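Chemist: Take a look at the following structure, please.
No value in this document is a laboratory result; all are computed from the given coordinates. In this text the structure is predicted, and so the values were computed from the model without any measurement. Every residue, glycine as well, gets a Cβ built from its backbone with ideal geometry; the counts of neighbours run over all protein chains shown.
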Amino acid sequence: MSEQESQQQLTSSSSSSSSSSSASPSHNSNTHHSHPHHNNHHQQQHRQQPPSPLAGPVLTQNNSNDNQALSTITPLSNPRPSKEPYYKRLGTPLNTRPASPYTLNPPIDSDGLSWPSLGARKRIESTEEESKARESRIADAVKVILTELGEDVNREGLLETPERYARAMLFFTKGYEDNIKDVIKRAVFEEDHDEMVIVKDIEIYSLCEHHLVPFFGKVHIGYIPNKKVLGLSKLARLAEMYARRFQVQERLTKQIAIALSEILQPRGVAVVIEATHMCMVSRGVQKTGAITSTSCMLGCFRSQQKTRDEFLTLLGRR
């Protein structure tokens with residue numbers, strides 16, 4: 001067969017196949033009689049919608065094997081930007097371990113110190129000579145402050161002020177040296193009592209750690225025993241121990257409540273503090289009538305509204 005004849009046969013076979021394929025849709029159209037509007041609606045239902053970039057990861061199927069599970073995950077092309085609260089972006093200690101209420105350290109250390117300062121143990125273990133040397137260094141620092149404020153540290157009225165101030169500051173912060181075991185001693189008693197115990201109007205004096213000026217007020221402490229009660233005077237001593245430090249009122253409230261909860265393991269503890277802050281009264285906004293109230297509720301006082309309301313009613317706050 002010649003080369004020209006082979007080309008003619010290929011041309012004739014291709015034309016016949018094209019004619020048969022063109023006849024097939026004509027036959028289908030005559031048999032089904034599909035309505036154009038119905039076809040459009042059917043196509044819209046089966047039209048694949050593009051995935052939303054906010055809907056999560058998009059799964060793609062591996063076409064090489066129909067029985068193989070979804071294997072690859074395509075990352076989002078345009079994920080929603082995550083905006084964290086500003087306090088989450090700060091490198092503060094509170095972002096290290098969330099708790100309720102927030103506690104960064106154990107309430108009571110193994111040696112009986114509760115939330116000690118950095119140099120609390122050094123102060124406790126100091127000899128008499130070391131204590132006098134510390135007091136002298138504080139007095140020298142106060143002389144520098146007075147001099148920088150424009151005063152004459154050698155005049156009669158200020159001659160011994162640095163030493164007085166040093167002794168006063170050591171007294172104002174003596175709570176760092178108090179051992180909670182020495183404060184409570186053996187004043188925990190077994191008692192079959194499960195009703196509320198409240199000690200109101202415990203006076204406290206503390207120092208604001210932001211401006212080193214006093215804030216003072218009253219503490220109200222309540223708890224519901226769990227077969228153990230605490231000597232009433234120890235509640236006042238507990239408040240005094242934590243108040244004689246550099247404090248903020250919010251932390252002071254929490255420390256009293258958590259320490260009492262650790263000592264007695266009661267059914268619940270409630271502490272309310274109402275105080276006047278000299279940093280608001282004598283400086284800054286100078287609002288003499290401003291009272292700051294803080295509370296810390298633990299156990300059944302936190303979980304049961306009726307118990308909390310009873311405590312606040314007995315305080316005369318409702």
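Chemist: Under a point-charge model restricted to the Cβ atoms of Lys and Arg (+1) and Asp and Glu (-1), what is the dipole moment magnitude of the stretch 190-318 relative to its Cα centre, in debye to the nearest 20?
Modeler: On the way: 18 positive and 14 negative charges, 81 e Å.
Dipole about the Cα centre, nearest 20: 380 debye.
Chemist: Would you please put 168-180, 123-135, 243-255 in order of how densely packed they are, using the mean number of other Cβ atoms within 10 angstrom per residue and starting with the highest? Provide the component values of the computation, followed by the final result.
Modeler: Numbers: 168-180: 17.6, 123-135: 12.0, 243-255: 20.4.
Taking the mean over residues of other Cβ atoms within 10 Å, the ranking is 243-255, 168-180, 123-135.
Chemist: With 26 Å as the limit, write out which pairs from LYS200/LYS254; LYS181/LYS306; LYS174/LYS218; LYS174/LYS234; LYS228/LYS254 have Cα-Cα distances beyond it, or answer none. Please report the intermediate quantities before stating the final value.
Modeler: On the way: LYS200/LYS254 17 Å; LYS181/LYS306 33 Å; LYS174/LYS218 19 Å; LYS174/LYS234 17 Å; LYS228/LYS254 21 Å.
Correct reply: LYS181/LYS306.
Chemist: At a Cα cut-off below 18 Å, give the aspartates and glutamates reachable from LYS287, other chains included and same-chain residues fewer than 8 away excluded.
Modeler: GLU274
Chemist: Shape verdict for the stretch 165-318, please, from the Cα gyration tensor: rounded (a/c under 1.5), prolate (a/b greater than b/c) or oblate.
Modeler: Details: a/c = 2.68, a/b = 1.40, b/c = 1.92.
In terms of gyration-tensor shape, oblate.
Chemist: Take the alpha carbon gyration tensor of the stretch 241-318, find the square roots of its eigenvalues, order them as a ≥ b ≥ c, and report rounded if a/c is under 1.5; if not, report prolate when a/b exceeds b/c, else oblate. Working shown, then result.
Modeler: Numbers: a/c = 3.50, a/b = 1.59, b/c = 2.21.
Judged from the Cα gyration tensor, the stretch 241-318 comes out oblate (a/c at least 1.5, b/c at or above a/b).
Chemist: Continuing with the same structure: Mind running the shape call on the stretch 182-250? Use the C-alpha gyration tensor, a ≥ b ≥ c as the square roots of the eigenvalues: rounded below 1.5 for a/c, prolate if a/b tops b/c, oblate otherwise. Please report the intermediate quantities before stating the final value.
Modeler: Values: a/c = 3.29, a/b = 2.22, b/c = 1.48.
Judged from the Cα gyration tensor, the stretch 182-250 comes out prolate (a/c at least 1.5, a/b above b/c).
Chemist: Here is a further query. Any idea what the relative contact order of the stretch 153-270 is, in percent, if you count C-alpha pairs under 8 Å spaced at least 6 apart?
Modeler: On the way: 171 pairs, mean separation 35.2, N = 118.
Once normalised by length, the contact order is 30 percent.
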